[in-house]
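Below: one structure, written as C-alpha cells.
Just so you know, all these numbers are worked out from the coordinates, no wet-lab data involved. Just so you know, these numbers come straight off a predicted model, no measurement behind them. Cβ: placed from backbone, ideal geometry, glycine included. Neighbour counts: every protein chain shown.
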Amino acid sequence: MNFSSKLLENAVNEVAQLPGIGKRTALRMVLHLLKQPKSQTHNLANSLSNLVDNIKLCKKCHNISDVDVCDICANPSRNEEIICVVEDVRDVMAIENTSQFKGLYHVLGGKISPIEGVGPQNLTIESLIEKVKLGTIKEVIFALSSTIEGDTTNFYIFKQLEKLQIKTSTIARGIAVGDELQYADEITLGRSILNRIPFDKSF
Ligand SMILES: [Zn+2]
C-alpha cells in the first residue's frame, strides 16, 4: 500500500494491529475518523488513553474495574462462600446478565493453552488456590467454555482443589461444545448455573 501521507500510514498501521482488521479495513476506518467531526475522534482517542492509564484489576477477583475492589466484590449482599471461575470480563458480564448468580467471581485472565504459550503461571490460578485455603469458600463453580483449553484449565484447577476437600461443580451446559460462554443466551446460561453438576460427574 502506497500512502500519500506518513501520518495516515502510521495511523492505518496501528489500527491494522487489531485482531481481525486488515490494512484495507484499517484504511477505511481511519478515513472515517478523519471525516467525522474532530471532537468525536478526540473523544475516542481520549477514552482509549484514559482506559489504558486508569483501568485496574480488582484485587479480589481480578476482574476489570475502575477501583481497587470491584462493585461485585464490594457488594455485601453477594454470597462469598460461592466462587464462579471464569476466563475474562465478558463471562462475568454474561453471567451477571442472567441475574441468577449471587456469589462472587474469580477471573483467570485466560485459559491454559500450550499452543499460545499460556501456562498455569500466566493465569490467576495460584491466587484462587490461596483464596480457597483461607477457608471461607464452600463451593467453586467452573464456568469456562467447553473447549479443549477450557477443559484442561478446569481439570488443572480441580486437581489443585481436590486436596483442599472443597465442593466443585460445573455449569450444566445447554451449550454446545466449543461455544464460548458469552455467546450463550441468558436463559440457557442462567439455567445452567442453577442446575450445575458436581465437577467429577461431568466427565
Ligand atoms: Zn472483584
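Just a few scattered comments:
- Packing-based ranking, highest mean first, of 114-121, 53-60 given that Cβ atoms within 10 Å are counted: 53-60, 114-121
- Antiparallel bridge percentage (DSSP; both residues within the chain; nearest 5): 30
- Each residue of region 24-31 is assigned a 3J(HN,Hα), and the resulting list reads 4, 4, 4, 4, 4, 5, 5, 5 Hz, derived from the Karplus form 6.51 cos²θ - 1.76 cosθ + 1.60 (θ = phi - 60°), x at Gly and Pro.
- The Cβ shell under 13 Å around residue 67 holds other residues with a net charge of 0, Lys and Arg each +1, Asp and Glu each -1.
- Amide H contacts for residue 85 (H built 1.01 Å from N in the peptide plane; partners 5 or more residues away or on another chain; cut-off under 5 Å): 106, 141, 142, 143.
- Residue-wise HN-Hα coupling along region 102-108, computed from phi with Karplus coefficients 6.51, -1.76, 1.60 (Hz; x: Gly, Pro): 10, x, 10, 10, 9, 9, 6
- Hz values of 3J(HN,Hα) by residue in region 150-164 - Karplus curve (6.51, -1.76, 1.60), Gly and Pro given as x: x, 5, 4, 5, 3, 5, 4, 5, 3, 4, 5, 7, 3, 5, 8
- Length-normalised contact order for region 60-201 - Cα pairs under 8 Å, 6+ apart - percent: 25
- Seen from residue 54, the other residues with C-beta closer than 15 Å to its C-beta sum to a net charge of -2, counting Lys and Arg as +1 and Asp and Glu as -1.
- When 42, 62 are arranged by Cβ crowding within 10 Å, least crowded first, meaning fewest neighbours, the order is 42, 62.
- Our estimate of slack between residue 116 and residue 1, defined as 0.36 nm per intervening residue step minus the Cα-Cα distance, is 38.4 nm.
- Residue-count net charge about residue 100 - beta-carbon cut-off 11 Å; Lys, Arg +1, Asp, Glu -1: +1
- Relative to the longest principal axis of the Cα atoms of the chain, helix 6-15 runs at roughly 20 degrees.
- Set 102/133; 35/56; 131/159; 56/201 screened for pairs whose C-alpha atoms are more than 26 Å apart: 35/56; 56/201
- Euclidean distance between Cα centres, region 65-85 to region 1-55, Å: 35
- Acute angle (nearest 10 degrees) that the helix 38-54 long axis makes with the longest principal axis of the chain, alpha-carbon atoms: 40
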